[in-house]
Every structure is written in C-alpha cells, then in structure tokens.
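One structure is given below, encoded as structure tokens.
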C-alpha cells in the first residue's frame, strides 16, 4: 500500500469517526496513531465522554469484530481468555475436551474499567497484547490480526480499584486523556443524540488494509537526529543509572522511575504513524514532541516529593520537552 493510499484510508476513517464523535479530534488522532502503529491504548476520562462509543465506532468503520469486556472485581481470567469444557458423544459415550473462545478472540477489544479487576485477571491480557496468542491448558491459541486493545480507566473513582502494575502499563503504547468538550461541541452533542436518528459509521476499510498500512508505518523514514532526540528524551527521564549526573535536576527530585527502551520504540513508531496521518513520508522532530505526552505520561513514576509538591507525570513530561533540546 502506498503512502497516498494509506493517507486516503486514514482520512476516511477520521471522517467516519467525526460523524459520530463530536469535539474530540485530538483524541481521535491519537487513537488512530496507536491503531496504525500496531500498539494498544489506555484511555482515561470521566464517565459519559463517549469512550465506549469511540472504540465501537472505530470497529464499525474498519469492519472488524468488536468485543467489550466489562472488568469487575469478580471477573476471572477464563472469562476473558476462554475455557475448556468436556463434551460427551451420546451415541458412543466418548468424551472430548473442547475449547470455547472468550471475548479476547476479536480484532478490537474494549477493556472497560480495567482497574476494577484484580491483578490476576488484568495479567490475562498481557500475553494476548504482547504475543498475539493465549495459552489454555498448555495449548496455544493464536489471535487474529489486527488486534487492538483499548482499556479505559475512570480517574475519579478509586475505591475498590486495583492500579495497573508498571509492567502492564508499559504494554500500552499511548495513554490518551479525554477531556470535557467545548461549549459549542457540547451543544451539538445534545442536539445530535436526543433525536430518533443515531449516526453510525460506515465501513471504509478492511482488516487486511489496516495490516498493510501498519507495515507502511514501519517503513517511514526516521533520520538519525530524530532517533537521537527520541533516545535523549527517554534517557533524560531516568533519575538513576550511569548517566544520572547528566539528567535534569527536577527528574532526580520528582521521579522514582523513568521510561525504558520500550518508550523509545513507542516514540518512534507513534511519530511515524503521526507522519502517515498527515501524509508525510518521514517522521519529524515535531512528530516526536507531539506524541511524547501520551507515550510517556504513564511510564514515569513520580515519588513522594512530587506528590507533596503537587507535581504529576504530565508536568514532568512538559518540563522534559523544555529541558531536552530537539537539535
């Protein structure tokens, strides 16, 4: 697939999503960035901001199998992956074991309120997200591609929640924050969603086309200075290590743990996907700066001093972008 064909495909996807989702253009662009880059996405926002509708609409626009998993405290790993059952042939009396696939066997998966379930069940997603397979009873079952997991978190309800471990957070390429719409957009939402007409997305792409587009993203050129900048950003976020004396002072003051090499990979891949979204054949320094907040905000672990000072990871990322020279 050529760059022009991929850009046209992405434009069609954006158009269909905007027909249904009002006033979240930046969020749509970031979701499509992760989708094209072959990563997974963590979406954070208060209830009622169309998080579920957004991912469901994307599945409609790409004509892929959609599955929604509502995470609850009593959800078990088998409820996600699937389970084996014993079947008996009434004619012969013979018994055999049959695997019944769970909701993870889909192309686009909404893991709703993933922090409401215990770590054992959260971890059931890890193998699927990283290896595109699940293992049940020692047997591996391959998942169909493309596979896109979008997990949501509710930031205002902390009672009865289980924070995601850092190792699992690192599996999500982007952490997208969805905010309240503007006044004009909210008025349009009210007018559009309180009538008998419900806008829906038309399928404008196939799974095969998305897979070819993902291959194109990896072929996008990244110059040496762009790769160097991504590496410097990641390394500057580490308060300990052999180069700790070279990192900014606020990193040592506020961070307990910095970003790992997977963050650098995510910076470059997301930057390449953003370049494709804008119809450009090469990733730029501006692309890296634009994707740095959603790539890094969930990979930086602030310490007690930062919490006491009212500093969050988002603030540290902003300071990093100011402190690390792009050229």
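The values are calculated or read from the model by the stated rules, or taken from the named source; none is laboratory data. Model, not experiment: these values are computed from the prediction. Cβ sites come from the backbone with ideal geometry, for glycine too, and all protein chains shown count toward neighbours.
Summary of computed values
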| read-out | value |
| --- | --- |
| Filter pass, residue 294 being within 26 Å of residue 26 (Cβ to Cβ) and in the same structural domain as residue 234 (by TED's automatic domain parsing) | yes |
| Which listed residue, of 274, 262, 280, is farther than 21 Å from residue 165 by Cβ and not in a loop (DSSP other than H, G, I, E, B) | 274 |
| Residue satisfying condition, being touching a residue at least 40 places away in the same chain (Cβ under 8 Å) and touching a strand residue (DSSP E or B) at 6+ places or on another chain (Cβ under 9 Å), within set 204, 149 | 149 |
| Residue count, region 109-126 (criterion: surrounded by fewer than 23 Cβ atoms within 10 Å (Cβ to Cβ) and not in a helix (DSSP H, G or I)) | 4 |
| Candidates 300, 321 - the one that is over 20 Å from residue 220 (Cβ atoms) and surrounded by fewer than 19 Cβ atoms within 10 Å (Cβ to Cβ) | 321 |
| Residue satisfying all of: in region 26-75; out of contact with any strand residue (DSSP E or B) (no Cβ under 9 Å at 6 or more places or on another chain) and closer than 30 Å to residue 98 by Cα; surrounded by the most Cβ atoms within 10 Å (Cβ to Cβ) among these | 63 |
| Failed item, numbered, when residue 261 is tested on (1) under 18 Å from the mean Cα position of the chain (by Cα); (2) in contact (Cβ under 8 Å) with a residue 40 or more places away in the chain | (2) |
| Entirely in region 139-243, the helices (runs of 4 or more DSSP H) that have 3 or more residues that are outside the structural domain of residue 80 (by TED's automatic domain parsing), at negative phi and buried (at least 19 other Cβ atoms within 10 Å of the Cβ) | 224-235 |
| Test result for residue 287, exposed (fewer than 15 other Cβ atoms within 10 Å of the Cβ), in the same structural domain as residue 318 (by TED's automatic domain parsing) and out of contact with any strand residue (DSSP E or B) (no Cβ under 6 Å at 6 or more places or on another chain) | no |
